[in-house]
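Beneath this line is the structure, given in structure tokens, with notes to follow.
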Amino acid sequence: MTWVPAGQPRTFSSQVRSIADGAEAKYQVHVARVPRPGQAATWEKKAEGTVPVTRGAVSFEWNTEGPPTAGDWGQRYWRARYDVSIPQQGRAPIQAQSQEVAVFHDWVELTTLDAEGQPLPNVRFNLNIVVGGRRVGQRRNLRTDAQGVLRVTGLQGGDVGIEFVSPFVLVSWESGTGCVLRARVRQIKRARFVFPRTRNGRANHKQYVNLPDVAGGAPRDEGQRMRFKLKLDDGKSGDKIFFKVEFRATQLLTASETAGEQPFQGLNPRNDVTRPSITGGATPGWAPQGGKEVTLSADGEQPEVVVDLGPCGGDQFTFKIGGDERCGDDTVVVTNWRKVYYQVMAPAGMALGNTRDMHASIKGRMASRLGRAFIEWSHHRTHTFPDANAPAGSLLPKSYFRRRGRGNIFVLTDRTANATPAGVNFDASKDPRCIKLRLCNLNCFFDPGAPPGGAGHAVSNLTVNATSADFLVSLPAERLRDMGRLFLLESAMTGGDLGIRSIRWRATVPTTYVVGGGGGAPPAGGGAPPGGGGGGGGGGGPPPPPHPGLNAGAQRTGTFTGRAQVAPLITVVDAYSFRVALPRPGPGDYVGAAVTDTECPVELTLQLELASDTGLGLNQGSGAVLAVYSPDIAPNVTADVIAHEVGHQIHQSASSGGGAGMNALPSGLVRRSVPAGTAYVGYGHQGPHCAYGIRRATRQTVSSTASPAWDASRADQRGTCIMFGQNNGPDPSFASAGFCPDCSRIIQAKNLSSVLNPT
């Protein structure tokens, strides 16, 4: 439809080529108002006249007239058309009809009134021109004058729409058609968040639901019961603030991505002890689903609304407030997070960053790993200590471990892992949400299945033949491989004792050996005794004394035990070799390379204490985690190990059945064990771990925890979850993809109000 402004001359023309020039043509102009709903348009005549046919056409001019703009049926535009009739002798007249046009007024006048019908000045609004449902023009940020009136001119044709701009809202139209509009409007006071603060009407907020709220203090980002503080601009007693909360609970119990398995079965999708709820305000009829309003009891009051978020990580909701029911002034999107603090303990010589914290690359990777489970890893304090304050036996020369350079390295074991150096006092102000992170250069463990007398240590005997009083003992590589363990000298595992528990010695001279003649028996192997007088039947004098390695014809033996006896005999070379000096008086008096009258080899049996292979991390319980921090290990590996051990500290990887300790699961969650599920205990590791990523067919070949370790030589048997039992190898990076979907859901469901006993 063509839009034609009112009050302008308009030429109408129709072609009538079959009619001779000069013939008389009658025309009529008809208009029709836009009908009310349910009514048909009624056409009325507005102009008529007679004009001659000229050059095969009928043309005439009409000064367009717009519709009435006021009254009961005032309108901005109406429809218009014309009809042409040319009489013919003896025949019916020729009829012609035009296409319709829309004749419109190019202005609109708006009057704004208050609730009592009095002029309301300075009301802001936007004016839209719409044709066929599409906006074709707009005037923004218009404002009525001091009398509450504004006439807008030069407008396009189309329907007019008025949008009142905050803080003004429409109450009702007194006249909502035509060009003369009258509206009752009320001014809405803007509502704002005092906490949390927004920018441009919106904010994204992290709430740490595992931290305690500070009762009576200012609202903070800590606490499961989040306290919002609201404000109404120029708020007076009796004014209202409207708010609405839209919860989006995290679906923790969706099916596992592993080959159609469904290892999670639960009672509700959140596993919360407390469902999200709103405290404060009244529920009005306008928004029964999540909407409330609060009335100010005093001028300038800043009311507080409390929302119980529940303990789960990753839950999200939107809080909207406003001075009216639209709640369109301020919006905050809140996501549940948990904050876990850590303290660092390290020797003074360890290369830490400028902040005396771990290297930035490690911290960044830790933040990424734990952030996926909505846990923030927050540094609290660092404690360093000089070498002199290290636990006894924990500082060992680098040469023991064939490392370059001089000086010591800090070695922690299962015997000294919890020994706190002198002068180090862990800060308890962040407990029970704080983990004590003990960093060391090397971490070794004793085999808990020690033989009798081992006092928790594995013991192995090494037998050598001494052919001089001072000789070197080197542990053969093949022997170490057979033992599968690391031999440590000066190990703190023995409380400062040497790694050699005892030395037994035995002279190797035959018991039948007698020096000189006089009926002495021949040495083993036959032949005359050396230095003898012929052995012919006892000629003259007493027999010479026996070999000094014999006592009454028996081989001499002895044992050196305890540090006081063993230590003086040993000089450490490195972790795999040491020197032994046989004592005098004693076997050092007659040791030699061969059996003679005065010397013989001495057989030594050394009882060695053995540690299991070096580890990279250990969860020690009670909020303590041990981790190796060394330039020999890539930062990403260190971060993965720490994340793995922190996972254990917060009871990962929990297996089915719930229970205490690492097996505790949130209420309503069940995680199945292998082969049907992914949780397993044992298989070459200590504690529960996760087999996510290992093919189900492979898991089904394992029947019990007594089975051997997973075969790491097969790629399909390497778990992809960071909670895969990976601490039995030198490089765990193959399982550094982070927490798997199974573990992430359980960690999100944990109540981490305490990392010592999370539920």
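Per the listing Gly178, Gly238, the residue uniquely modelled with pLDDT under 95, under 30 Å from Trp107 (Cα atoms) and part of a loop (DSSP other than H, G, I, E, B) is Gly178.
Residue count for segment 1-47 satisfying the condition of being open to solvent by 70 Å² or more (accessible area, probe 1.4 Å), under 13 Å from Glu65 (Cβ atoms) and not in a strand (DSSP E or B): 1.
Taking first residues from segment 3-29 that are under 14 Å from Thr50 (Cβ atoms) and partners that are modelled with pLDDT of 85 or more and of a type in the set (Asp, Glu), the Cβ contacts under 6 Å between residues at least 6 apart in sequence or on separate chains come to Gln28/Glu48; Gln28/Asp83. Identify, please: which residue in segment 632-683 is open to solvent by 20 Å² or more (accessible area, probe 1.4 Å) and part of a strand (DSSP E or B) and is, among those, modelled with the lowest pLDDT? If we take residues in segment 632-683 being open to solvent by 20 Å² or more (accessible area, probe 1.4 Å) and part of a strand (DSSP E or B), then Val681 is modelled with the lowest pLDDT.
Taken over segment 14-45, the criterion of being over 30 Å from Thr153 (Cβ atoms) and in contact with a Phe, Trp or Tyr (Cβ under 9 Å, 6 or more places away or on another chain) is satisfied by Ser14, Ala25, Tyr27, Gln28.
In this structure, Gly592 does not qualify as farther than 30 Å from Val514 by Cα, modelled with pLDDT of 85 or more and open to solvent by less than 40 Å² (accessible area, probe 1.4 Å). In this structure, Ala417 does not satisfy being touching a Lys or Arg at 6+ places or on another chain (Cβ under 8 Å), open to solvent by less than 20 Å² (accessible area, probe 1.4 Å) and modelled with pLDDT under 75. Just one of the numbered conditions (1) under 60 Å from the mean Cα position of the chain (by Cα); (2) over 26 Å from Leu181 (Cβ atoms); (3) not aliphatic (A, V, I, L, M) is not true of Pro37: (2).
Among the candidates Gly310, Gly314, Gly405, Gly328, the residue that is surrounded by 17 or more Cβ atoms within 10 Å (Cβ to Cβ) and farther than 25 Å from Cys743 by Cβ is uniquely Gly328. Looking at this structure, is Asp239 surrounded by fewer than 15 Cβ atoms within 10 Å (Cβ to Cβ) and of a type in the set (Asp, Glu)? Criteria not met by Asp239.
Report yes if some residue within segment 505-517 is of a type outside the set (Val, Ile, Thr), modelled with pLDDT of 90 or more and open to solvent by 40 Å² or more (accessible area, probe 1.4 Å); otherwise report no. Yes, segment 505-517 contains at least one residue that is of a type outside the set (Val, Ile, Thr), modelled with pLDDT of 90 or more and open to solvent by 40 Å² or more (accessible area, probe 1.4 Å). Would it be correct to say that Glu301 is of a type in the set (Asp, Glu), outside any helix (DSSP H, G or I) and within 21 Å of Glu222 (Cα to Cα)? Judged against the criteria, Glu301 is not a match. Being crowded, with 18+ Cβ neighbours inside 10 Å and not in a loop (DSSP other than H, G, I, E, B) is the filter; apply it to segment 572-587 and report the residue that is modelled with the lowest pLDDT. Among residues in segment 572-587 that are crowded, with 18+ Cβ neighbours inside 10 Å and not in a loop (DSSP other than H, G, I, E, B), the one modelled with the lowest pLDDT is Phe578. Scanning segment 69-83 for residues that are at pLDDT below 90 and not charged (D, E, K, R) returns Thr69, Ala70, Gly71, Trp73, Gly74, Gln75, Tyr82.
Close contacts from segment 613-639, counting a first residue that is within 13 Å of Ile409 (Cβ to Cβ) and a second that is of a type in the set (Ser, Thr, Tyr) and open to solvent by 10 Å² or more (accessible area, probe 1.4 Å), with Cβ to Cβ under 8 Å and a gap of 6+ residues or different chains, come to Val628/Thr614. All of Thr598, Thr605 fail the test of being more than 30 Å from Gly562 (Cβ to Cβ), polar (S, T, N, Q) and at pLDDT 85 or above, apart from Thr598.
Of Arg556, Arg563, all but one fail to be at pLDDT 85 or above and under 23 Å from Val602 (Cα atoms); the exception is Arg556.
What's the number of the only condition in (1) in contact with a Phe, Trp or Tyr (Cβ under 7 Å, 6 or more places away or on another chain); (2) modelled with pLDDT under 80; (3) under 18 Å from Arg671 (Cα atoms) that Arg696 fails to meet? Arg696 satisfies every listed condition except (1). Restricted to segment 54-83, and to residues that are among the basic types (Lys, Arg) and part of a strand (DSSP E or B), which residue is most open to solvent (accessible area, probe 1.4 Å)? The selected residue is Arg79.
The values are calculated or read from the model by the stated rules, or taken from the named source; none is laboratory data. It should be emphasised that the depicted structure is a prediction, and the values quoted were computed from it without experimental measurement. Neighbour counts are summed over all protein chains in view; Cβ atoms, including those assigned to glycine, are modelled from backbone coordinates with ideal geometry. Side chains are part of the model used for accessible areas, which takes the heavy atoms of the whole protein and leaves out ligands, DNA and RNA. Shrake-Rupley method; radii C 1.70, N 1.55, O 1.52, S 1.80 Å.
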